[in-house]
């Protein structure tokens, strides 16, 4: 797992999912603007949490494939409702696991 700094996350995204690099750059600019406007590091912490989680999902090909398959199933309006709920639940588990592995937030949050 890379360091959870904007530069390290940018490098990781460029290597793992380069198609998402413009999205990362836009998110960072928005987070920096919000942090400055609100005098809070909250937007920057949210940025590192989000992109750390993205990297932690995408760097494991099987996890990433399952995550994206579940995203498609959960978003499919023609999918069986029970299967869509199960896919949404699995998305949540994958996100929690990936976020926990980033160790961004204290365990009490």
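The values are calculated or read from the model by the stated rules, or taken from the named source; none is laboratory data. Please read all numbers here as calculations on a predicted model, not as lab measurements. Every residue, glycine as well, gets a Cβ built from its backbone with ideal geometry; the counts of neighbours run over all protein chains shown.
Looking at region 12-43, which of its residues are under 14 Å from residue 59 (Cα atoms) and surrounded by 12 or more Cβ atoms within 10 Å (Cβ to Cβ)? Answer for region 12-43, where residues must be under 14 Å from residue 59 (Cα atoms) and surrounded by 12 or more Cβ atoms within 10 Å (Cβ to Cβ): 12, 13, 14, 15, 16, 17, 20.
Residue by residue, here is whether (1) at pLDDT below 95; (2) more than 14 Å from the chain's Cα centre (by Cα); (3) closer than 26 Å to residue 26 by Cβ; (4) not in a helix (DSSP H, G or I) holds:
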{"position": "48", "(1), (2), (3), (4)": "yes, no, yes, no"}
{"position": "62", "(1), (2), (3), (4)": "no, yes, no, no"}
{"position": "66", "(1), (2), (3), (4)": "no, yes, no, no"}
{"position": "71", "(1), (2), (3), (4)": "no, no, yes, no"}
{"position": "85", "(1), (2), (3), (4)": "no, yes, no, no"}
{"position": "91", "(1), (2), (3), (4)": "no, no, yes, no"}
{"position": "98", "(1), (2), (3), (4)": "yes, no, yes, no"}
{"position": "101", "(1), (2), (3), (4)": "yes, no, yes, no"}
{"position": "106", "(1), (2), (3), (4)": "yes, yes, no, yes"}
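Counting only residues that are in contact with a helix residue (DSSP H, G or I) (Cβ under 9 Å, 6 or more places away or on another chain) and farther than 17 Å from residue 93 by Cβ, region 53-74 holds 2 of them.
Filtered by the rule that a residue be part of a helix (DSSP H, G or I), closer than 14 Å to residue 64 by Cβ and either touching a helix residue (DSSP H, G or I) at 6+ places or on another chain (Cβ under 7 Å) or in contact (Cβ under 8 Å) with a residue 24 or more places away in the chain (or both), region 1-26 gives 12, 13, 16, 20.
On inspection, residue 78 fails the criterion of being at pLDDT below 95 and either part of a helix (DSSP H, G or I) or surrounded by fewer than 15 Cβ atoms within 10 Å (Cβ to Cβ) (or both). Filtered by the rule that a residue be surrounded by 18 or more Cβ atoms within 10 Å (Cβ to Cβ) and over 16 Å from residue 16 (Cβ atoms), region 52-72 gives a lone residue, 70.
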